[in-house]
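See below for the structure under consideration.
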Amino acid sequence: RMKEDGKNSYTIFEPSPNSSGIERLTLENSIRKALRLEEFVLYYQPQIDMLTGRIIGTEALVRWNHPTLGLVPPGKFIPIAEETGLIVPLGEWVLRTACIQNQIWKEKGYAPMSVSVNLSSRQFSKQNLVKTITEILLETNIDPQYLELEITESMTMNVEVAIEVLGRLKELGIQICIDDFGTGYSNLYYIKLFSIDRLKIDQSFVRDIMTDSNDADIVATIIAMAHNLGIDVIAEGVETKEQLDFLRSQNCHEVQGFYYHPPLPVEQIEQLLMKEMEIDTKL
Ligand code: C2E
Ligand code: MG
Ligand code: MG
Ligand code: MG
């Protein structure tokens, strides 16, 4: 029964445990089926060196090409995939597909570029991660320096396990990036400990660079810190020329965002790469 103090009253707005359980189960089963039917698709968002305007890499971002719902964004299914553990097979598919695609582009003769893949903690804690990645590297023949794994500060990881796994991944020659930098627990000591190659400044800071002096200061500080530590830095969510100019003034030249390109399907990335190639042959 509802109480007067309001403490329990909000619970009536929550879905009953049963219905949410059923929804969850339905979604879980559809994700499982979608994996089998290969309904997932990767979009790639270019990462640009603003000094040259060239694509230096892409970030692979998964979408669900649902037969009736259309293109479903990752925010709608990644959390459930994480909860249910389905992120492990899905994440492996993403890794393999991204590496195969990057290798195809290389073999087509486009200038070499990296591919970044998002990792969730569920995959990370899995004993198999190093083994899986080793296999994928062998299978796809991708040069490990062109594979970057994106981890976040908010990933719940056992520090000792993380040090070991990240150490072994580094031994394989792949790159490690901290995604959404500044939004989680920034234990700066870990940055050193984990031998991070790149920091990706979270888009929430970039968004308000021009209007919020605190955000501008935070972004400038992250860039300076990365430089001092000898770590690469990239800004995410760059949408305007003003943001770009600010980043340039702070010596952050690697950017990703709608100002240049949104995440794009394979064919459209290829058109961009082809254009770059044409420019090169004209030079
Ligand atoms: P993220 O890794 O931080 O990816 C960046 C997100 O910002 C992408 O959303 C991208 O479309 C969006 N974005 C890029 N540039 C701009 C911009 O200029 N303005 C704005 N407003 N947004 C921009 P998306 O594709 O919906 O992905 C959302 C999140 O889903 C990702 O955030 C990542 O955490 C997760 N995700 C996506 N693919 C995977 C995956 O394969 N595995 C895992 N574990 N997570 C994934
Ligand atoms: Mg990311
Ligand atoms: Mg991010
Ligand atoms: Mg590097």
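The values are calculated or read from the model by the stated rules, or taken from the named source; none is laboratory data. Here the structure is a predicted model, which is why all the values come from computation and not from measurement. Don't worry about glycine lacking a Cβ; one is built from the backbone with ideal geometry, like all the others, and counts go over all protein chains shown. Quick note on the areas: whole protein, heavy atoms, side chains included, nothing else; ligands and nucleic acids left out. Shrake-Rupley method; radii C 1.70, N 1.55, O 1.52, S 1.80 Å.
A few points about this structure:
- The label point for I22 and the one for K131, both projected 7 Å from the Cα toward the Cβ, are 4.0 nm apart.
- Rounded to the nearest 500, the 222 nm mean residue ellipticity of the chain from helices alone is -14500 deg cm²/dmol, with -39,500 (n - 2.57) taken per DSSP H run of at least 4 residues.
- Using the Cβ-Cβ distance between E171 and T211 with R0 = 51 Å, the FRET efficiency computed as 1/(1 + (r/R0)^6) comes to roughly 0.70.
- Within the chain, DSSP assigns beta bridges of which about 40% are antiparallel (rounded to the nearest 5).
- Of all accessible heavy-atom area on the chain, the percent that carbon and sulfur account for (1.4 Å): 52
- 5 Å binning of all Cα-Cα separations within the chain, expressed as whole percents from 0 upward: 1, 5, 11, 14, 16, 16, 14, 10, 6, 3, 2, 1, 0, 0, 0, 0
- Rounded to whole Hz, the Karplus (6.51, -1.76, 1.60) HN-Hα couplings of region 197-206, x for glycine and proline: 8, 8, 10, 10, 5, 5, 5, 5, 7, 5
- Shown here: region 225-283, whose C-alpha atoms stretch 36, 25, 20 Å along the first, second and third principal axes, sorted largest to smallest.
- Contour excess over end-to-end distance, with Cα ends at R36 and N228 and 0.36 nm allotted per residue: 64.5 nm
- Amide N of region 92-134 lying under 19 Å from the label point, which is placed 7 angstrom from the Cα of R54 along Cα→Cβ: 102-116
- In terms of its C-alpha gyration tensor, region 82-179 comes out prolate, because a/c is 1.5 or above and the ratio a/b outweighs b/c.
- Reported to the nearest whole Å, the Cα centre-to-centre distance from region 164-237 to region 82-106 is 23.
- I163-D280 pseudo-label distance in nm [points 7 Å out on the Cα-to-Cβ vector]: 4.2
- At an R0 of 22 angstrom, the distance between the Cβ atoms of D143 and W93 translates into a FRET efficiency of 0.55.
- The listed peptides 36-49, 208-221, 112-125, ordered by packing as a protection proxy, come out as 112-125, 36-49, 208-221 (highest mean of other Cβ atoms within 10 Å first).
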